[in-house]
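The values are calculated or read from the model by the stated rules, or taken from the named source; none is laboratory data. No experiment lies behind these values; they were computed from the predicted model shown. Neighbour counts run over all protein chains shown; Cβ positions are idealised from the backbone, glycine included.
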Amino acid sequence: MSGAITRRAEDYLRAIYEIVERKGFARVKDIAKEMNLKASTVVEMVRKLHRYGLVNYEKYGGVTLTQDGRTIAESIKERHETFRKFLEIILVPKEIALKDSHILEHQLDPKTILQFTRFVKFITESKERPKFVSRWLEQFKEYCRREEAAQQSNRKEVR
């Protein structure tokens, strides 16, 4: 495939990847259901991804990722998970974190994404994770609780 792949194509690759991980294969109807689209719309994009060498597709058959498609899909999935984890670390509710991570995965410069990835891995996985990180997270949670209580108090005063 020449040039950068579109945000929409990335969404398809990630959806196909996730379906294949769950079921072992993907069909057009699975992709349509996952993405809340019509099957005809999915067929059009799947054909395009097939021409780009990112998926294997035969009419009325399953859809699988090529090695290139899988590599891209894994990268997209990792970006998505990094942003979801980051948003959850800063106490964004899960439903919102899931939605907003989808937006962020497409919008940021690769260097910014790399730093987010490093930060999230440091916070969640690093063996060298200093004790201050755990204390910082607890202090942040307490700060957020106090701020929320203050906002609720202010709302009651305004009424």
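Residue count for the stretch 31-44 satisfying the condition of being surrounded by 16 or more Cβ atoms within 10 Å (Cβ to Cβ) and in contact with a Lys or Arg (Cβ under 7 Å, 6 or more places away or on another chain): 1. Listed conditions (1) without any contact (Cβ under 8 Å) to a residue 24 or more places away in the chain; (2) closer than 20 Å to R7 by Cα; (3) within 15 Å of the chain's Cα centre (by Cα) are all met by H80, apart from (1).
Note on the stretch 57-107: residues that are among the aliphatic types (A, V, I, L, M) and more than 21 Å from V42 (Cβ to Cβ) total 10. Among the residues of the stretch 138-153, none qualifies, meaning not one is buried (at least 16 other Cβ atoms within 10 Å of the Cβ) and either farther than 30 Å from F25 by Cα or of a type in the set (A, V, I, L, M, F, W, C) (or both). Determine whether the stretch 40-55 contains at least one residue that is β-branched (V, I, T) and in contact with a Phe, Trp or Tyr (Cβ under 7 Å, 6 or more places away or on another chain). Yes, the conditions are met somewhere in the stretch 40-55. Set side by side, the residues R22, R27, R51, R8 differ, and just one is more than 19 Å from the chain's Cα centre (by Cα) and loosely packed, with under 13 Cβ neighbours inside 10 Å, which is R51.
Pairing residues of the stretch 6-21 that are within 13 Å of G69 (Cβ to Cβ) with residues that are in a helix (DSSP H, G or I) and of a type in the set (G, A, S), at Cβ distances under 8 Å and at least 6 apart in sequence or on separate chains, gives L13/G69; L13/A73; R14/A73; I16/G69; I16/A73; Y17/A73. Filtering the stretch 78-85 for residues that are polar (S, T, N, Q), touching a Ser or Thr at 6+ places or on another chain (Cβ under 7 Å) and assigned by TED's automatic domain parsing to the domain that holds R14 leaves an empty set. Applying a threshold of 8 Å to beta carbon distances and a minimum spacing of six or more residues, or different chains, the list of pairs starting in the stretch 104-119 at a residue that is closer than 12 Å to E78 by Cα and touching a residue at least 12 places away in the same chain (Cβ under 8 Å) and ending at one that is among the hydroxyl-bearing types (S, T, Y) and crowded, with 17+ Cβ neighbours inside 10 Å reads I113/T82; F116/T82; T117/T82.
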